Amino acid sequence: MRKSAVLLLLLFAVSASAQSIDARLAASKVPAVGIGIARDGKLREVRVYGELQKGSPAPYDAVFNVASLTKPVVTMLTLKLVAAGRWDLDKPLAKFWVDPDVADDPRAQKLTTRHVLSHQTGFPNWRDKKLAFQADPGTKFGYSGEGFEYLRRALEAKFGKTLPELAKQEIFDPLGMRDTRFVWDDSLESRFARWHDKNGANVYTKYKTMRANAADNLLTTVEDYGRFGAWILAGAGLPQALFEEMVKPQAAMGGKGAMTLGWELQPGFSNGEYALIHSGSDEGVKTLIILLPKSKQGLIVFTNGDNGFDVIGDVVLESLPLGKEIMERAQ
């Protein structure tokens, strides 16, 4: 089972220090970090440090693969369609699409969008050749990229558009996210933050994603994703009742955390604050978003190295007033 974002931070982070970001990158052998900070519900700071790869300074508009931070985008796209009355959280996805691997399993007729967004599909994270249920939908938490891919196929079948087309129409264009893609674009090559291993010197070469995936491999900049985060802090244009449904616990994750519709919920911080959190972790990629809806604060951190959570932990501690509480929560 996937560890929560807070637990991942604890595993990879060290205590805050007075070292500069550049020194921290060097110590952690992480080439680059991008940081976006939201205050009062607006993106206030965008900072990018380090190198895309050795000898190539990372520009302000560096493009990062953000791994599983793809999922919040698909979550919000789906909820926007729900808000418009064009999609239903609890209608069986089988009305639009059924994966051939589970076509003969009656559980496929029960699978809903709510199960996908709350990671209660009963699917593994990724299939081993053939997709199969490991539990009944809605019975327990089990992190699953396959669930989001299942939702993608259903959305595309219903609307007759690809996921990139739907996201462009509903989120990217309205928010001005001009540098965000689901599929590799050669025009991004000169700004792309190459993936690096734990030694920081060796570059992974397989980074050109040629097929849209609803769970992984979104390409974006700190500014673009920061606009997305600020939009959520401002309510994402959702009716109040739907926003409250989004942040309501749907499945227990252990400890104080719970899974909402698309987010890890950490409640009970100072002044009654709660945090919506999502992390991303792939080969050479470590990323994080933390949103504090009551105080309208947010933090986005992207890195391009296997040791990225080491850097991210320090950024959380130093950038958010609740950083220490967030980091201590998992102890």
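The values are calculated or read from the model by the stated rules, or taken from the named source; none is laboratory data. Predicted model only: the values in this text are computed from it and were never measured. Cβ coordinates were reconstructed from backbone atoms using ideal geometry, including for glycine residues, and neighbour counts include every protein chain displayed.
Descriptive notes on the structure:
- From the list GLY308, GLY313, the one residue that fits, being at pLDDT 95 or above, closer than 18 Å to LYS29 by Cα and within 17 Å of the chain's Cα centre (by Cα), is GLY308.
- Filter result for the condition that a residue is surrounded by 19 or more Cβ atoms within 10 Å (Cβ to Cβ), closer than 29 Å to ASN213 by Cβ, without any contact (Cβ under 8 Å) to a residue 60 or more places away in the chain and charged (D, E, K, R), over ASP224, ASP310: ASP224
- If the condition is being of a type in the set (Gly, Ala, Ser) and more than 16 Å from the chain's Cα centre (by Cα), then the range 143-160 contributes ALA154, ALA157, GLY160.
- Identity of the residue in the range 195-221, crowded, with 17+ Cβ neighbours inside 10 Å and more than 19 Å from the chain's Cα centre (by Cα), that ends up farthest from LYS161 (Cα to Cα): GLY200
- Residue, surrounded by the fewest Cβ atoms within 10 Å (Cβ to Cβ), within the range 72-118, restricted to residues that are in contact with a Pro (Cβ under 7 Å, 6 or more places away or on another chain) and closer than 14 Å to GLU149 by Cα: THR112
- Filter result for ASN199 (at pLDDT below 95, in a loop (DSSP other than H, G, I, E, B), under 24 Å from ILE312 (Cα atoms) and not aliphatic (A, V, I, L, M)): yes
- When LYS80 is tested against (1) part of a loop (DSSP other than H, G, I, E, B); (2) closer than 28 Å to VAL183 by Cα, exactly one condition is not met: (1).
- Qualifying residue in the range 184-196 (condition: out of contact with any helix residue (DSSP H, G or I) (no Cβ under 6 Å at 6 or more places or on another chain), free of Cβ contacts under 8 Å to residues at least 12 places away in the same chain and among the acidic types (Asp, Glu)): yes
- Residues that are surrounded by fewer than 16 Cβ atoms within 10 Å (Cβ to Cβ) and either more than 11 Å from GLY145 (Cα to Cα) or among the hydrophobic types (A, V, I, L, M, F, W, C) (or both), drawn from the range 119-131: TRP126, ASP128, LYS129, LYS130
- Close Cβ contacts (under 9 Å, 6 or more residues apart or on different chains) running from residues in the range 12-31 that are at pLDDT 50 or above and among the polar types (S, T, N, Q) to residues that are part of a loop (DSSP other than H, G, I, E, B) and surrounded by 17 or more Cβ atoms within 10 Å (Cβ to Cβ) comprise SER28/GLY200; SER28/ASN307.
- Sole exception among (1) free of Cβ contacts under 8 Å to residues at least 60 places away in the same chain; (2) in a helix (DSSP H, G or I) for PHE133, by number: (2)
- Matching residues, the range 282-302, being touching an Asp or Glu at 6+ places or on another chain (Cβ under 9 Å) and either within 12 Å of LEU233 (Cα to Cα) or polar (S, T, N, Q) (or both): LEU292, PRO293, LYS294, SER295, LYS296, GLN297
- Leading residue by the ranking (nearest to VAL183 (Cα to Cα)) among those in the range 160-169 that are touching a residue at least 40 places away in the same chain (Cβ under 8 Å) and outside any loop (DSSP other than H, G, I, E, B): PRO164
- ARG39 without any contact (Cβ under 8 Å) to a residue 12 or more places away in the chain and either of a type in the set (D, E, K, R) or out of contact with any helix residue (DSSP H, G or I) (no Cβ under 9 Å at 6 or more places or on another chain) (or both): no
- Candidates are the residues of the range 267-294 that are polar (S, T, N, Q) and at pLDDT 95 or above; the one that is nearest to the chain's Cα centre (by Cα) is SER279.
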